[in-house]
Amino acid sequence: SGERYALSASLDNARHLSSLLRAVHFQDYATCLATASGLRVTVEDAKCIQANAFIQAEIFQEFSVQEESVMFRISLSVLLDCLTIFGTSSLPGTSTALRMCYQGYGYPLMLFLEEGGVVTVCKINTQEPDELLDFDFCSTKVVNKIILQSEGLREAFAELDMASEVLQITMSPDKPYFRLSTFGNAGSAHLDYPRDSDLMEAFHCTQTQTNRYKISLLKPSTKALALSCKVSIRTDAQGFLSLQYMIRNEDGQICFVEYYCCPDENITEAEL
Amino acid sequence: LSRIGDELYLEPSESGLSLRAVNSSRSAFASFLFAPLFFQLFEPGSAGPDTELFRCKVHMKSFLGIFRSLPSLEKSVGKCLILLKPRASRLVLQLHCKYGVTKTHNLAFQECERLQAVFDTQRCTSRLCAPARVLAEAVVHFPLTLAEVTLGTGPGGKISLRNYVEEEAEPSKTMVTELWLAEDEFQSVAVAPGSHITFCLKEFRGLLSFAEASNLPLTIHFDEPGRPAIFTLDDTVLEVHLVLATLSDLESNSQSPSTNGVSHLPAPSDDFPDDLESYMVAMETSEGGLEGPPSPTFPLRTPRPAEREPEEEEEEEEEEGAVPGTPPHKKFCSLFFGSVMTPGRPGPATSQEVLAEDSDGE
């Protein structure tokens with residue numbers, strides 16, 4: 001019909017998109033930004049935490065954005081429900097094909113999903129995008145950075161003492177190098193990763209920093225950690241935290257999810 | 001240990017590290033003594049002439065939380081360091097994991113008195129020893145909700161296990177399960193004929209799972225009803241004791257107290273001492289008891305065929321004419337203070353035969 005869509009994309013396997021979106025699904029609503037490089041889906045909470053899922057244009061079989069960028073707010077819960085409308089369990093060999101179309105401001109997002117000859121059409125309303133937080137986190141401002149193999153952190157994060165209000169992160173060129181601490185009802189717990197651990201892929205710590213973050217805000221990042229093979233942990237001079245997860249999808253393609261978190265202002269005396 | 005109490009007592013000594021627990025009614029006590037050889041390193045600290053080795057207790061849940069997932073622990077943890085730091089008021093548990101990762105838990109503890117139940121396996125008249133598997137397979141027939149079970153001895157050296165039924169239970173709504181084990185299932189049997197004891201199954205099950213998992217034979221030392229039953233496991237580096245109070249048998253005929261030097265738990269009085277030390281002193285100085293020991297035999301009754309209980313019998317087909325039909329008045333003696341816990345029941349009821357009828361139409 002010759003209509004030009006502001007955003008139009010095709011994906012042979014909708015899981016490439018849905019699994020990544022799940023890793024940032026800790027709020028109902030998300031902001032989508034589409035540019036020629038790909039799709040970025042952002043979720044925020046409490047003005048303290050922001051998660052971004054990046055799906056590059058190369059992941060899609062087709063990806064075209066008419067203007068410089070297209071941005072809208074959408075219910076992530078509904079989007080995920082639609083993407084997984086044929087079920088979440090993956091039988092070998094079967095996948096859901098996706099075609100996504102968006103006409104522009106004010107129009108709904110259209111999804112065409114097909115599996116085994118069955119087609120479902122979804123129309124999800126979009127909204128005015130909110131202003132997003134800018135953590136102003138760039139590599140020049142990084143004070144401490146480490147890259148760890150996710151395998152070493154997965155269990156630790158899954159078993160974090162949720163009775164603790166905070167997760168305290170210590171990064172230092174000296175012992176304990178990298179330490180995660182919680183302060184729960186039973187007492188404190190510390191998880192130490194030495195700089196020469198096999199899990200440590202990169203260790204660049206210039207200064208000893210100890211920062212605390214609300215554990216309830218960081219807990220959702222466990223999903224991204226579970227999917228990822230590597231994670232980079234960085235802090236800047238203000239104690240802002242950046243977690244970047246490298247995720248390999250079923251076809252071996254690489255995508256990223258990142259979490260940014262502000263340090264907890266309510267400092268109470270910690271036991272170390 | 002968590003099946004018994006909410007607090008874990010840690011008592012290091014020259015003979016090793018003892019982990020203990022007691023239940024709230026003081027009718028169950030367990031201790032696991034790990035010999036120094038069990039550990040790669042064992043330093044109990046030094047006790048001065050006036051000071052004892054430091055002891056403490058921690059919340060069971062907090063301690064267990066550290067060892068939450070056994071499969072993942074087995075995969076990733078190399079060794080565990082336990083440090084008791086009295087001055088910092090912390091019990092430190094440090095897990096040394098794969099990849100050089102260290103997990104350190106600092107648990108708050110409370111100081112405590114020495115926890116020790118009063119018992120002596122030497123003074124028990126009866127003793128049974130069986131592979132844990134045999135007892136586990138026997139106990140599996142009883143529902144998980146069953147509170148107490150009666151262990152008895154029968155003719156031909158057979159050992160019975162039967163669920164204990166309370167006297168108030170309605171005969172028509174009660175099911176009785178009884179099973180008999182032949183003497184050859186046991187590694188050793190040295191029992192007083194006709195003896196029986198009733199004890200709490202739930203607390204016993206905990207020990208049984210441990211025994212099965214470690215493939216150790218279980219020994220049961222028991223005496224008259226009302227005296228504690230002691231369950232033990234022995235290994236070169238581990239000694240386990242579980243002491244359970246048993247129901248006393250008030251229906252018995254009074255007989256002269258046995259005079260083999262067994263000291264009886266003092267009868268309860270209104271102002272019985274409620275601290276361990278004076279109780280221990282009282283124990284050592286008491287002579288004879290105020291209650292005669294219950295009769296080791298229980299009344300035999302011949303069931304009338306029309307009302308015979310349709311018992312399920314496993315292991316042995318031989319149905320005994322003798323049915324222990326005297327549910328004792330429920331009185332568990334405390335292992336520690338001699339207090340007798342009586343949940344306000346009426347006096348011993350005349351025995352009633354329990355008839356387990358079909359239960360449809362409930």
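The table below lists the values:
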{"quantity": "Loop-resident sites, the stretch B:64-140, for GluC sites (Glu not before Pro), counting at most 11 other Cβ within 10 Å (DSSP)", "calculated": "B:Glu111, B:Glu113"}
{"quantity": "Estimated FRET transfer efficiency when R0 is 60 angstrom, pair B:Cys129-A:Asp251 (beta carbons, to 0.05)", "calculated": "0.45"}
{"quantity": "Contact order normalised by residue count of the stretch B:7-111, Cα under 8 Å, 6+ apart, percent", "calculated": "21 percent"}
{"quantity": "Cα-projected label distance for A:Ala226 with B:Cys80, points at 7 Å along beta-carbon direction, nm", "calculated": "2.6 nm"}
{"quantity": "Calculated Rg and Dmax of the stretch B:92-163 using C-alpha coordinates, Å", "calculated": "21.5, 61"}
{"quantity": "FRET efficiency, 1/(1 + (r/R0)^6) with R0 45 Å, evaluated for A:Gln238 and B:Lys61 via beta carbons", "calculated": "0.75"}
{"quantity": "Cα-based Rg and Dmax for the stretch A:163-272, where Dmax is the largest Cα-Cα distance (Å)", "calculated": "14.6, 48"}
{"quantity": "Estimated FRET transfer efficiency when R0 is 60 angstrom, pair B:Glu111-A:Lys141 (beta carbons, to 0.05)", "calculated": "0.75"}
{"quantity": "Whichever lysines have a C-alpha closer than 25 Å to that of A:Lys141, once near sequence neighbours (fewer than 8 apart) are set aside", "calculated": "A:Lys47, A:Lys175, A:Lys214, A:Lys230"}
{"quantity": "Distance in nm between pseudo-label sites at B:Glu137 and B:Glu14 (7 Å out along the Cβ direction from Cα)", "calculated": "4.4 nm"}
{"quantity": "Convex hull of Cα atoms in chain A, direction-averaged projection (nm²)", "calculated": "15.9 nm²"}
{"quantity": "Computed label-point distance, nm, for sites A:Thr206 and B:Leu41 using a 7 Å Cα→Cβ extension", "calculated": "3.8 nm"}
{"quantity": "Debye-sum result for the stretch A:88-142 in log10 I(q)/I(0), which assumes one identical scatterer on each alpha carbon, at q = 0.20, 0.23, 0.30 Å⁻¹", "calculated": "-0.80, -0.90, -1.18"}
{"quantity": "Across B:Lys61/B:Lys85; B:Lys57/B:Lys158; A:Lys219/B:Lys75, pairs whose alpha-carbon gap is larger than 32 Å", "calculated": "B:Lys57/B:Lys158"}
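We did not get these values from a lab; they are worked out from the coordinates using the rules stated. Worth saying up front: this structure is predicted, and the values here are computed from it rather than measured. Glycine gets a Cβ as well: all are built from the backbone with ideal geometry, and neighbour counts include every protein chain shown.
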